[in-house]
Amino acid sequence: MREKIKSLLKQAELYRSQGLYNEAKESYERVKRIIQKSKQLPNREKLLANISKKIEKVQNTLVRLENAKETPQMSPEVNRLIKNLFSKTGSGDKDAAALEGAVALAKFGQFNDAIAEFRRLLGVESQRVQAAKNILRCLLAYKSSDDAFDQLSEWRSEELFTDEEMAKIKSFFDGLVENKWDEKGAARSEALTGSSEMDEDEFLDISAVAITLPNGDQIELDVSFQSGNVVSLIIDKKDEDLIKDLHEGSKLEDVHFYSPIAIFRGSGVITSKTRIASGPKEGDYSMDIKIDSL
Amino acid sequence: MAVFNINKREIECKIVYYGPGRGGKTTNLEYIFKAYKKQVKGEMVSIDTEGDRTLFFDFLPMDLGKIKGCDVRVQLFTVPGQVQYSSTRKLVLKGVDGVVFVADSMEVRREKNMLSLKDLQQNLKEYNLSIFKIPLVLQYNKRDLADEGIPIMPVEQMERDLNRQLKVPSFEASAINGKGVGQTLQACLRLTLQYLQKQLKWAN
Ligand SMILES: Nc1nc2c(ncn2[C@@H]2O[C@H](COP(=O)(O)OP(=O)(O)OP(=O)(O)O)[C@@H](O)[C@H]2O)c(=O)[nH]1
Ligand SMILES: [Mg+2]
């Protein structure tokens with residue numbers, strides 16, 4: 001029995017040293033029960049007192065850990081790292097990446113830094129609606145729905161957004177208030193769009209490309225069809241202006257090809273650009289890009 | 001998510017160490033940081049809380065040099081294993097290319113291993129990834145504790161518990177003294193790079 005107790009105590013100490021406090025407590029309690037049952041054990045009272053003290057100590061640690069602040073404020077360096085590591089790697093769109101980085105900060109509970117970044121992005125046309133939505137979401141998560149509501153009213157009176165934008169933000173906010181922060185939904189919308197059921201022998205499946213225009217802007221376009229290393233894109237007639245400087249033979253230096261498992265960065269050349277003459281897509285443009293060295 | 005720069009012939013991928021709390025994920029990375037100085041590029045960053053429990057993640061960037069004519073960079077991450085950090089785990093897993101599952105050999109952690117593997121499967125699924133397809137290796141850690149008289153599970157039992165359906169490579173390890181750490185990482189890298197190679201048709 002002495003051996004049994006000794007071995008259990010040793011286990012308890014080890015569990016404790018590895019931070020497994022529940023397991024440690026369990027082992028101590030087993031020792032305690034054994035000692036309680038063995039009435040003829042020498043020094044029994046002292047041993048019992050001793051073991052109770054140990055149990056109490058582990059218990060205190062458990063309580064302290066439970067009450068520890070879940071998400072402490074991190075240093076600026078750490079937050080910068082989080083932003084870098086969790087924004088879409090390889091995406092050339094600086095502002096979209098910044099938005100994603102700020103969302104990561106928010107998810108790690110770094111609300112102050114996240115909000116500061118979102119506020120900056122309110123000034124960026126392409127990101128402002130998303131940024132506004134995320135500000136509301138942060139306020140709801142770490143302040144109160146009143147704060148979020150006040151923010152919304154403030155924007156309304158400042159006329160910062162167009163009516164259409166405001167309607168989007170408002171309906172997002174209503175949804176949020178109903179569900180609070182729907183963790184699942186957030187993750188789902190972020191989930192990779194690719195399917196893991198991909199046939200291994202199939203040519204790599206590219207779902208979208210991002211190209212840098214001669215004026216330096218970057219646009220992202222969905223791929224409508226792919227054959228070998230040529231991808232076809234359909235560009236809506238309302239976006240005609242975006243591609244006005246692109247012609248057959250134009251070389252594209254920095255192209256991002258998005259596939260379900262990786263982002264490729266490479267170059268390509270436009271092999272055709274035509275205006276669709278009939279059918280449901282009449283007036284839209286069809287453009288083929290041949291990918292170099294893929 | 002791997003990023004493949006075709007012109008520079010450079011590939012960057014992400015390996016995540018997953019597993020139950022206190023199983024030894026951080027210890028694996030600490031050993032790699034010390035032992036693979038040549039391949040490690042930059043500092044190891046650990047965001048942890050009291051008692052060294054990982055709070056957000058550990059991060060260690062590596063550069064493996066040229067493999068089949070392609071420069072290979074790897075980012076190693078660990079997740080926080082404790083149950084309550086579920087949303088952080090999911091976040092860290094985002095864009096993963098390969099997984100090392102660090103299981104704790106101690107008998108008292110048997111159930112926690114299985115729950116954590118289940119949790120991995122679910123989180124992968126949320127990103128449309130399948131645990132049966134993603135490059136994955138298992139590590140049975142803390143084997144050294146047998147010598148200390150601490151009850152640990154036989155490897156056969158851990159295989160039955162965790163690897164019966166997966167049938168992926170598994171390794172015994174004692175991360176605290178580095179045993180099996182390199183072997184585990186290399187196996188995971190090999191699988192991951194093979195997978196990416198096949199998918200990306202890079203080595204031609
Ligand atoms: N004896 C022994 N102890 C180990 C071994 N590996 C890790 N430990 C110890 O186990 C405890 C937990 O190790 P960590 O590396 O922090 O575990 P983790 O998986 O990162 O834990 P979380 O961050 O909470 O998920 C520490 O006290 C380590 O020293 C091992 O191989 N043998
Ligand atoms: Mg850790």
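With respect to the conditions (1) in a loop (DSSP other than H, G, I, E, B); (2) open to solvent by less than 10 Å² (accessible area, probe 1.4 Å), residue A:278 falls short on a single one, namely (2). Within the set B:136, B:145, B:129, the sole residue that is within 14 Å of another protein chain (Cβ to nearest Cβ), under 19 Å from the mean Cα position of the chain (by Cα) and either within 16 Å of ligand 2 (Cβ to nearest atom) or modelled with pLDDT of 95 or more (or both) turns out to be B:136. The condition of being at pLDDT below 95 and open to solvent by 10 Å² or more (accessible area, probe 1.4 Å) does not hold for residue B:159. Which condition number in (1) part of a strand (DSSP E or B); (2) within 16 Å of ligand 2 (Cβ to nearest atom); (3) of a type in the set (A, V, I, L, M) is the one that residue B:64 fails? Residue B:64 satisfies all of (1) part of a strand (DSSP E or B); (2) within 16 Å of ligand 2 (Cβ to nearest atom); (3) of a type in the set (A, V, I, L, M) except (2). Of the residues screened, residue A:34 is not one that is within 11 Å of chain B (Cβ to nearest Cβ) and surrounded by 14 or more Cβ atoms within 10 Å (Cβ to Cβ). Residues in segment A:123-138 that are at pLDDT below 90, part of a helix (DSSP H, G or I) and open to solvent by 10 Å² or more (accessible area, probe 1.4 Å): A:137 alone. Among residues of segment B:46-70 being open to solvent by 20 Å² or more (accessible area, probe 1.4 Å) and near ligand 1 (Cβ under 8 Å from one of its atoms), the one that is farthest from residue B:7 (Cα to Cα) is B:52. On the basis of being more than 30 Å from residue A:163 (Cβ to Cβ), of a type outside the set (Asp, Glu) and assigned to a helix (DSSP H, G or I), does residue A:79 make the cut? When the stated conditions are applied, residue A:79 passes them. All told, residue B:96 meets the bar of being farther than 30 Å from residue A:12 by Cβ and more than 13 Å from ligand 1 (Cβ to nearest atom).
Looking at the structure I just gave you, is residue A:195 outside any helix (DSSP H, G or I), open to solvent by 60 Å² or more (accessible area, probe 1.4 Å), at pLDDT below 90 and touching a helix residue (DSSP H, G or I) at 6+ places or on another chain (Cβ under 8 Å)? It is false that residue A:195 is outside any helix (DSSP H, G or I), open to solvent by 60 Å² or more (accessible area, probe 1.4 Å), at pLDDT below 90 and touching a helix residue (DSSP H, G or I) at 6+ places or on another chain (Cβ under 8 Å).
Each row is one residue, and each column tells you yes or no for (1) in a strand (DSSP E or B); (2) in contact with a strand residue (DSSP E or B) (Cβ under 7 Å, 6 or more places away or on another chain); (3) more than 11 Å from every other protein chain (Cβ to nearest Cβ); (4) surrounded by 19 or more Cβ atoms within 10 Å (Cβ to Cβ).
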| site | (1), (2), (3), (4) |
| --- | --- |
| B:72 | yes, yes, yes, yes |
| B:76 | yes, yes, yes, yes |
| B:84 | no, no, no, no |
| B:87 | no, no, no, no |
| B:91 | no, no, no, yes |
| B:96 | no, yes, no, yes |
| B:102 | yes, yes, yes, yes |
| B:109 | no, no, no, yes |
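Considering segment B:97-118, and only residues there that are within 15 Å of ligand 2 (Cβ to nearest atom) and over 14 Å from the mean Cα position of the chain (by Cα), the residue that is nearest to residue A:20 (Cα to Cα) turns out to be B:109. Pick from segment B:31-45 the residues that are within 16 Å of ligand 1 (Cβ to nearest atom) and more than 14 Å from chain A (Cβ to nearest Cβ): which of them is least open to solvent (accessible area, probe 1.4 Å)? Looking at residues that are within 16 Å of ligand 1 (Cβ to nearest atom) and more than 14 Å from chain A (Cβ to nearest Cβ), I get B:32. Consider segment A:236-285. How many of its residues are closer than 21 Å to residue A:217 by Cβ and away from chain B (no Cβ under 14 Å)? Total satisfying the criteria: 19. Contact map, segment B:160-176: residues that are within 14 Å of chain A (Cβ to nearest Cβ) and more than 16 Å from ligand 2 (Cβ to nearest atom) paired with residues that are modelled with pLDDT of 95 or more and open to solvent by 30 Å² or more (accessible area, probe 1.4 Å), Cβ distance under 8 Å, separation 6+ or inter-chain. Pairs shown: B:174/B:143; B:174/B:144. Restricting to segment B:3-30, name every residue that is near ligand 1 (Cβ under 9 Å from one of its atoms), open to solvent by 20 Å² or more (accessible area, probe 1.4 Å) and either more than 26 Å from residue A:109 (Cβ to Cβ) or more than 9 Å from chain A (Cβ to nearest Cβ) (or both). Once the filter is applied, which keeps residues that are near ligand 1 (Cβ under 9 Å from one of its atoms), open to solvent by 20 Å² or more (accessible area, probe 1.4 Å) and either more than 26 Å from residue A:109 (Cβ to Cβ) or more than 9 Å from chain A (Cβ to nearest Cβ) (or both), segment B:3-30 yields B:26, B:27, B:30. Looking across A:59, A:40, A:73, one residue alone is assigned to a helix (DSSP H, G or I), surrounded by fewer than 17 Cβ atoms within 10 Å (Cβ to Cβ) and more than 9 Å from chain B (Cβ to nearest Cβ). It is A:59.
Please name all residue pairs, on different chains or six or more residues apart, with Cβ atoms under 6 Å, provided the first residue is in segment B:20-42 and is under 20 Å from residue B:89 (Cβ atoms) and the second residue is open to solvent by 30 Å² or more (accessible area, probe 1.4 Å). Partner pairs satisfying both residue conditions: B:20/B:112; B:21/B:82; B:22/A:18; B:27/B:176. Checked against (1) open to solvent by less than 50 Å² (accessible area, probe 1.4 Å); (2) within 21 Å of residue B:74 (Cα to Cα), residue B:195 passes all but condition (1).
Restricting attention to segment A:12-37, the residues being assigned to a helix (DSSP H, G or I) and closer than 15 Å to residue B:21 by Cβ number 7.
Determine which member of the set A:267, A:286 is out of contact with any helix residue (DSSP H, G or I) (no Cβ under 8 Å at 6 or more places or on another chain), farther than 22 Å from residue B:3 by Cβ and assigned to a strand (DSSP E or B).
Result of the check over A:267, A:286: A:286.
Being outside any strand (DSSP E or B), within 16 Å of ligand 1 (Cβ to nearest atom) and out of contact with any strand residue (DSSP E or B) (no Cβ under 8 Å at 6 or more places or on another chain) is a property that does not hold for residue B:150.
The values are calculated or read from the model by the stated rules, or taken from the named source; none is laboratory data. This structure is a prediction, so every number in the text was calculated from the model and none was measured. Because the Cβ atoms are built from the backbone with ideal geometry, glycine has one as well, and the counts that use them run over all protein chains shown. Side chains are part of the model used for accessible areas, which takes the heavy atoms of the whole protein and leaves out ligands, DNA and RNA. Shrake-Rupley method; radii C 1.70, N 1.55, O 1.52, S 1.80 Å.
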